[in-house]
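The values are calculated or read from the model by the stated rules, or taken from the named source; none is laboratory data. These numbers come from a predicted model, not from an experiment. Please note: Cβ atoms are built from the backbone with ideal geometry, for glycine as well, and neighbour counts cover all protein chains shown. These area figures cover heavy atoms from the full protein model, side chains too; ligands, DNA and RNA do not enter into them. Shrake-Rupley method; radii C 1.70, N 1.55, O 1.52, S 1.80 Å.
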Amino acid sequence: MSDKGLIKRIAYNVPANDFKAAGKSSSSIKSNLKAIGIDARILRKIAIISYEAEINIVIHSYGGNLYCDLYEDKIVIVSEDKGPGIPDIEKAMTEGFSTASESVRELGFGAGMGLPNMKRYSDEFEIESSENGTVIKITILI
Amino acid sequence: MKFKDIKEILNANILTDNFNEDLEVNYAFASDLMSDVLAYANNDTLLITGLNNPQVIRTAEMMDISIVVLVRGKLPSKETIDLANENLLTIFSTDYIMFKACGLLFEKGMKGLE
């Protein structure tokens, strides 16, 4: 994906296993985009996508970054983590499939809806994963 | 259904500073799975849950949900209540189990999400 037309990038560091902080970045993304007048319906889609991405970094990765890239006609949420990667992406995209631990499920996550939810609310969805990490780029047209 | 009616039907306690008794919500969604809330709910939703951690409030915030009922007498931590207050959310707590809370609201006309 080219950076042509990128107006602004907002970047967040998302630590692994920090369940107290989980959601802070998405909350900030939502309020930043609300401040520039993004429509409430689109804002909700972006918030859900970034929140699922953020929770995934916290639950499944060794930590990573979440980016909100603002273009004239779209918002791109980019999630980049440091691994361990997703062995079978097709399986991970199946509703209800999850590798989350029991302790994560007790928090209300790990229902196997994270990646399917991100795709459901997106206009474009790209995912690449190796043992060095997972990169997800989700485009929402505005 | 008005917030004040929900409070009365569920014999609920208000846990947050924010409570406008005349606000209304038309649908309810009951789940302990926050990803399911993110998948199926909309902003005109009363969230009924047995979870009481801050992620419930974060989920509501992302969805623009303005009212949450905690069932089974669950009380949230102070940080969860603080987060709800920051986001102008209303939290009720009821001693009813989830099934009974849903049944009582349904009986009085609350609709489930399709």
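Numbers for the structure displayed
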{"read-out": "Residue-normalised accessible area of the stretch A:6-141, expressed per residue, 1.4 Å probe, Å²", "value": "47"}
{"read-out": "For residues of B:46-54, the mean tally of beta carbons on other chains within 10 Å", "value": "2"}
{"read-out": "Cα→Cβ-extended label distance, 7 Å offset, between residue A:24 and residue B:114, nm", "value": "4.1"}
{"read-out": "Where labels lie 7 Å past Cα in the beta-carbon direction, separation of residue A:40 and residue B:82 in nm", "value": "2.9"}
{"read-out": "Across A:24/A:82; A:34/B:4; A:24/B:78, pairs whose alpha-carbon gap is larger than 26 Å", "value": "A:34/B:4"}
{"read-out": "Over chain A: helical MRE at 222 nm, DSSP H runs n ≥ 4 each giving -39500 (n - 2.57), nearest 500", "value": "-10000 deg cm²/dmol"}
{"read-out": "Dipole of the stretch A:6-141, positive end: most advanced residue of A:25, A:35, A:79 [Cβ charges, Cα centre]", "value": "A:35"}
{"read-out": "Along each principal axis, Cα extent of chain B, largest first, Å", "value": "34, 28, 25"}
{"read-out": "Rounded percent of accessible protein surface that carbon and sulfur make up, the stretch A:21-136, 1.4 Å probe", "value": "45"}
{"read-out": "At R0 = 41 Å, FRET efficiency that the Cβ-Cβ distance of residue B:21 and residue A:106 yields, to 0.05", "value": "0.80"}
{"read-out": "At least 40 Å² of accessible area lost relative to the chain alone, listed for the stretch A:5-27 with a 1.4 Å probe", "value": "A:20, A:27"}
{"read-out": "The protein assembly as shown: Cα Rg divided by the 2.2 N^0.38 Å rule of thumb", "value": "1.01"}
{"read-out": "For residue A:47, net neighbour charge (Lys/Arg +1, Asp/Glu -1) across residues whose Cβ lies under 13 Å away", "value": "+2"}
{"read-out": "Percent carbon-and-sulfur accessible area, chain B, ignoring ligands, DNA and RNA, probe 1.4 Å", "value": "48"}
{"read-out": "Charge dipole magnitude, Cβ of K and R +1, D and E -1 - chain B, Cα centre, debye nearest 20", "value": "360"}
{"read-out": "Residues along the stretch A:37-75 losing 30 Å² or more of accessible surface when the other protein chains are present rather than the chain by itself (probe 1.4 Å)", "value": "A:44, A:48, A:51"}
{"read-out": "Relative contact order (%) - chain A, alpha-carbon pairs under 8 angstrom, separation at least six", "value": "26"}
{"read-out": "With Cα atoms, 0 to 90° folded angle of helix A:24-35 axis to chain A main axis", "value": "20"}
{"read-out": "Neighbouring partner chain Cβ atoms per residue of B:56-64, average, 10 Å criterion", "value": "6"}
{"read-out": "Angle between chain A longest axis and helix A:40-60 axis [Cα atoms, degrees, rounded to 10]", "value": "30"}
{"read-out": "Estimated [θ] at 222 nm from DSSP helical runs (n ≥ 4, -39500 (n - 2.57)) normalised by residues in chain B, nearest 500", "value": "-10500 deg cm²/dmol"}
{"read-out": "Interface area, B with A, accessible, probe 1.4 Å, both sides summed, Å² nearest 100", "value": "1900"}
{"read-out": "Selection from B:62, B:42, B:112 lying farthest towards where the dipole of the stretch B:3-112 points positive, charges on Cβ", "value": "B:112"}
{"read-out": "Antiparallel %, DSSP beta bridges [both residues in the protein assembly as shown], to 5", "value": "70"}
{"read-out": "Rough spin-label spacing in nm, given labels placed 7 Å along Cα→Cβ, for residue B:106 and residue A:62", "value": "4.8"}
